[in-house]
Every structure is written in C-alpha cells, then in structure tokens.
Amino acid sequence: GTYTVQAGDVSSDLTVKSIAVSGTVSDASDQAMVDFSIGANLASSSAIVVDGVAPTIARVKSASTNTTYGTGASINIKVNFSENVTLSSGGSLIVTLNSATDRTVNITGIVNETSEDGTYTVQEGDASNDLSVTNIALSSGATLSDAAGNAMSSFSIPADSNLSDFNAIIINTTKPST
C-alpha cells in the first residue's frame, strides 16, 4: 500500500501501528492469512522521517542596543523561524518596519538557517517611539521552505514575539531647532 503525507503529519521514525484488511489475503496455494500481527516493524528496517508541517515565523528581535537612533544609524533586524529554512535563489524576505515611512529590510541568502539578519539604515524623516515589524512577505516568485519542501505560507508574527516585545528601539531624525 501507499501512505500519503498529510499537512500536519510528523514522525521522527515512521512506525506501523496496525494492519487492517478488508476481504481475504491468500497465498499462491490459496491458504488464507489469519494472523495480522506485526513482526519486524518498518521502523526497525527503515529510518523514514515524516514532516508535513510548514515552517513559520517564530520571533523578530534585534542585537542592536536599546537606545534612540538618528539618521544614518544601522540597526540589526533578526528574523527567527520555527525550523531550518531555505530561501529560493534570487528571492528576498521583506521585513516592513513602523518607521513613519514604512522602511523595509530585504533579507537574502537564507540557506538551511533557523534565523537570518538584515540591516535597517535610518533615513531622514524616519520616526518610531518603539520600532516594530508591521509586515513580513516574500519577493514575487520567492519561496521559503524547510528541508522536506514544506513552503512557508503564513508570515504572521506570533503574539508577544515582535521586535518591540524584546527591544526598546526609538527612531528620531528630527533635528533640534535653534
């Protein structure tokens, strides 16, 4: 028979739990099989890993100091994933920040990683009392997948896992008046 992996199926070593037959199983001499107990299990002869769970965004943090930043400052943005992921060739993970002008950080080159960093450079006119991520998306045609080929389809950030939940980064590019 055949086992088809369904979304959400997970096993570190696929095991047969039971065998059910509808009808009769007979050998070439027409002797019916009466014992369907499992002898040697699939797991003892094969190491089949089942992964039917798509990766997700786990959290967004920064390694930058919690302080106020002005024009030209570079701020680290780290996106963490639920498992190792790879970004398709030529693709970008686009992180949008609440910096008054919705600045974006493009992250590329993700290869079998559980996290990846990008850099936000503060520009004139940017402002935020507590920098956070407003959106995460992929560039057109890009995919972000785990080793089993499950493509990430939800880019939402879990509650209490946004940049502003871990960091206190303020953006202020207003010049003092004279």
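Put simply, of 115, 140, 161, 153 the only residue that is of a type in the set (Ser, Thr, Tyr), touching a strand residue (DSSP E or B) at 6+ places or on another chain (Cβ under 8 Å) and in a loop (DSSP other than H, G, I, E, B) is 161. Can we say residue 86 is of a type outside the set (Phe, Trp, Tyr), at pLDDT 75 or above and under 30 Å from residue 153 (Cβ atoms)? Yes, satisfied. Here residue 76 passes the criteria (1) open to solvent by less than 50 Å² (accessible area, probe 1.4 Å); (2) in contact with a helix residue (DSSP H, G or I) (Cβ under 8 Å, 6 or more places away or on another chain); (3) over 29 Å from residue 9 (Cα atoms) except the one numbered (2). Pairs linking a residue in region 114-140 that is on the phi > 0 side of the Ramachandran plot to a residue that is among the aliphatic types (A, V, I, L, M), with Cβ atoms under 7 Å and 6 or more positions apart or on different chains, are 125/100.
Just one of the listed residues (18, 44, 82) is over 18 Å from residue 126 (Cβ atoms) and assigned to a helix (DSSP H, G or I), namely 44. The set of residues from region 74-96 being farther than 18 Å from residue 147 by Cβ and in contact (Cβ under 8 Å) with a residue 60 or more places away in the chain comprises 75, 77.
Every condition in (1) modelled with pLDDT under 75; (2) in contact with a Ser or Thr (Cβ under 9 Å, 6 or more places away or on another chain); (3) open to solvent by less than 90 Å² (accessible area, probe 1.4 Å); (4) within 24 Å of residue 149 (Cβ to Cβ) is met by residue 38 except one, and the failing one is (4).
Search region 59-78 for residues being in a loop (DSSP other than H, G, I, E, B) and among the β-branched types (Val, Ile, Thr), and hand back the single one that is nearest to residue 115 (Cα to Cα).
Applying the first criterion (in a loop (DSSP other than H, G, I, E, B)) to region 59-78 yields 62-67, 70-73.
Within this subset, residues satisfying the condition of being among the β-branched types (Val, Ile, Thr) are 65, 67, 71.
Details: 65: 19, 67: 23, 71: 27 Å.
So the residue we want is 65.
Only a single item in (1) touching a helix residue (DSSP H, G or I) at 6+ places or on another chain (Cβ under 7 Å); (2) open to solvent by 30 Å² or more (accessible area, probe 1.4 Å); (3) not basic (Lys, Arg) is not met by residue 140, and it is number (1). The C-beta contact set for region 47-64 (first residue surrounded by 15 or more Cβ atoms within 10 Å (Cβ to Cβ) and modelled with pLDDT of 90 or more, second residue of a type in the set (D, E, K, R) and part of a loop (DSSP other than H, G, I, E, B), distance under 6 angstrom, 6+ apart or interchain) comprises 55/146.
Going through (1) more than 12 Å from residue 131 (Cα to Cα); (2) surrounded by 14 or more Cβ atoms within 10 Å (Cβ to Cβ); (3) modelled with pLDDT under 95 one by one, residue 99 falls short only on (1). Here residue 111 meets the list (1) of a type in the set (A, V, I, L, M, F, W, C); (2) under 15 Å from the mean Cα position of the chain (by Cα); (3) crowded, with 17+ Cβ neighbours inside 10 Å almost entirely, failing just condition (3).
Yes or no: residue 125 open to solvent by 40 Å² or more (accessible area, probe 1.4 Å), in a loop (DSSP other than H, G, I, E, B) and among the small types (Gly, Ala, Ser)?
On the way: open to solvent by 40 Å² or more (accessible area, probe 1.4 Å): yes; in a loop (DSSP other than H, G, I, E, B): yes; among the small types (Gly, Ala, Ser): yes.
So residue 125 passes the test.
The values are calculated or read from the model by the stated rules, or taken from the named source; none is laboratory data. Values in this document were obtained by computation on a predicted structure and should not be read as measured data. Neighbour counts are summed over all protein chains in view; Cβ atoms, including those assigned to glycine, are modelled from backbone coordinates with ideal geometry. Ligands, DNA and RNA are stripped out before the accessible areas are found, and what is left, the full protein with its side chains, is counted by its heavy atoms. Shrake-Rupley method; radii C 1.70, N 1.55, O 1.52, S 1.80 Å.
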